[in-house]
Amino acid sequence: MIVLILGRPTAADVVTPREVKFEFEVTEDQVAKACHLLVLMVNYPNPEAVNFKVVFTFEKRTDHAFYGFIVDVGDAHYRNGQFAGMEHVPLDAAEFLSPTFNSTGRFHMNVGDSGVFGSTADLETASAFLRAVMAGNFEISFRRRDSVGFRTYLILSAPLPGEFQKFLGCAATYR
């Protein structure tokens, strides 16, 4: 079924993942500090795994800060019934959608080897995005480079308040 709603990518496949895991991580070096709220989605027995990262990055040299997301997809491979690794899946588009926020036209989008990256330096846009993530009930839509249609993952749960607070605390102490 193909669905076209104003502001929403054409969806060929809608998935409610069997497992959604939220985690927080921070990395920092001489160049930048990066705060990530990771959302890992898997839908066993389908081999596809989706990694959605909510991102805050502060570039120390330029004092430039931005919020955004990264969508990265991989296919699990098995050998003799045992997990044998993940194969990166090239994407050519991705979007974040919720009842209160849509990244289409509001985030600068960039496609790279590590997935699709959307970002904004606008604090009003970033705040609306973060409120939508915190509320749960959002969608991650992406298109594989070799595909015509979008696949949409429905996330019906919100991150645990502690994980989200770690992310916000990290972003608030970026200097």
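The values are calculated or read from the model by the stated rules, or taken from the named source; none is laboratory data. Because the structure is predicted, anything quoted here is derived from the model rather than measured. Here the Cβ is made from the backbone with ideal geometry for all residues, glycine too, and neighbour counts use every protein chain on show.
Taking the condition of being surrounded by fewer than 17 Cβ atoms within 10 Å (Cβ to Cβ) and at negative phi, how many residues in segment 135-150 meet it?
Of the residues in segment 135-150, 6 are surrounded by fewer than 17 Cβ atoms within 10 Å (Cβ to Cβ) and at negative phi.
Please verify whether segment 72-87 includes one or more residues that are touching a Lys or Arg at 6+ places or on another chain (Cβ under 7 Å), of a type in the set (Ser, Thr, Tyr) and at negative phi.
No, there is no match, as no residue in segment 72-87 is touching a Lys or Arg at 6+ places or on another chain (Cβ under 7 Å), of a type in the set (Ser, Thr, Tyr) and at negative phi.
Need at least 1 residues that are polar (S, T, N, Q) per element, so show me which strands (runs of 3 or more DSSP E) inside segment 48-96 make the cut, counting only ones lying wholly within it.
48-59, 82-89
Looking at ILE155, ILE140 in this structure, which one is among the hydrophobic types (A, V, I, L, M, F, W, C), at pLDDT 95 or above and touching a Gly at 6+ places or on another chain (Cβ under 8 Å)?
ILE155
For (1) in contact with an Asp or Glu (Cβ under 8 Å, 6 or more places away or on another chain); (2) surrounded by fewer than 19 Cβ atoms within 10 Å (Cβ to Cβ); (3) closer than 15 Å to ALA34 by Cβ; (4) among the aromatic types (Phe, Trp, Tyr), each residue gets a yes or a no:
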| position | (1), (2), (3), (4) |
| --- | --- |
| PRO45 | no, yes, no, no |
| ALA49 | yes, no, no, no |
| PHE56 | no, no, yes, yes |
| ARG61 | no, yes, yes, no |
| ALA65 | yes, yes, yes, no |
| GLY68 | no, no, yes, no |
| ASP75 | yes, yes, no, no |
| ARG79 | no, yes, no, no |
| GLN82 | no, yes, no, no |
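Those residues that are of a type in the set (A, V, I, L, M, F, W, C) and surrounded by fewer than 12 Cβ atoms within 10 Å (Cβ to Cβ), I need them from segment 151-175; list them, please.
Within segment 151-175, LEU156, ALA172 meet the criteria.
Can you name the residue in segment 154-175 that is small (Gly, Ala, Ser) and assigned to a helix (DSSP H, G or I) and, of all such residues, is nearest to GLU19 (Cα to Cα)?
For segment 154-175, the residue satisfying everything is GLY162.
Can you tell me which residue within segment 91-113, out of those that are touching a helix residue (DSSP H, G or I) at 6+ places or on another chain (Cβ under 9 Å) and of a type in the set (Ser, Thr, Tyr), is surrounded by the fewest Cβ atoms within 10 Å (Cβ to Cβ)?
Per the criteria, the residue is THR100.
Consider only pairs whose beta carbons are under 8 Å apart and that are at least six residues apart or on different chains; among these, list those whose first residue lies in segment 93-108 and is farther than 24 Å from ARG145 by Cβ and whose second residue is part of a loop (DSSP other than H, G, I, E, B).
Listed pairs, sorted by first residue: SER98/ASN137; PRO99/ASN137.
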